[in-house]
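Input: a single structure, listed below in structure tokens.
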Amino acid sequence: MATANADDTPNTPPPGVSGRRITAIVILSLVVGGAFLSYELWSYNRLDAARAATQQAWRSLTDPLSQRYRKIELAVAERVDSESLDMAWAEKFRLTVDRFRTTALPDLQFQTSQELEELLSVSTLSPEVLQTENVQLADALRSYNRTLDQERQLLHSPACKFLGIFLKFNEPVELQLATTPQPE
């Protein structure tokens, strides 16, 4: 019987994955990873632009809100003088209005505005005092809430949800003005 000699066997590659296949897999992985990373960065830039628009809309809203609080503050002072309003509530309202006016940080100012609206919603002030006929305030509030909706839609996109795993995104909250007080 003849034994096979090492020189007689054909040139066959060893079993396993070829170098070409590994190279193709690596290149394909890099292309897919790069495309995914580009999409994530694009989404983050869109979200950043939406947040900048929200902050700009908030800045446009602060002046009309300040006017609203000034008007309500005068009505509160009149009712405290006539003893038809609780002095403790009025003082809490006054301090919160002062905090709203003295801060320049949009997040803190928004939070303070929410506190003011909550205070007004449980106040014993008449609905006429809380009603706002300021067109500038209504337009600025609509614009602000519209930009919040756009930001919220971006936050719920798949790319931003993935980014949310690594970064903390706060859910934007709309500002609702108190119009009808609720008795305590």
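Quick look at the numbers
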item	result
Candidates Leu65, Leu30, Leu108: whichever shows maximal mean-square fluctuation once the chain is modelled as a Gaussian network with Cα springs under 10 Å	Leu30
Mean separation of Cα contacts under 8 Å, 6 or more apart, over the residue count of the range 31-166: relative contact order %	44
Alpha-carbon centroids, the range 22-93 and the range 126-159: separation in whole Å	10
The range 31-166 - convex hull of alpha carbons, volume per residue in Å³	118
Residue-averaged 222 nm ellipticity for the chain, from DSSP H runs of 4+ at -39500 (n - 2.57), nearest 500	-24500 deg cm²/dmol
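Rule-based calculations on the coordinates, nothing more; no lab input. These figures come from a predicted structure and were not determined experimentally.
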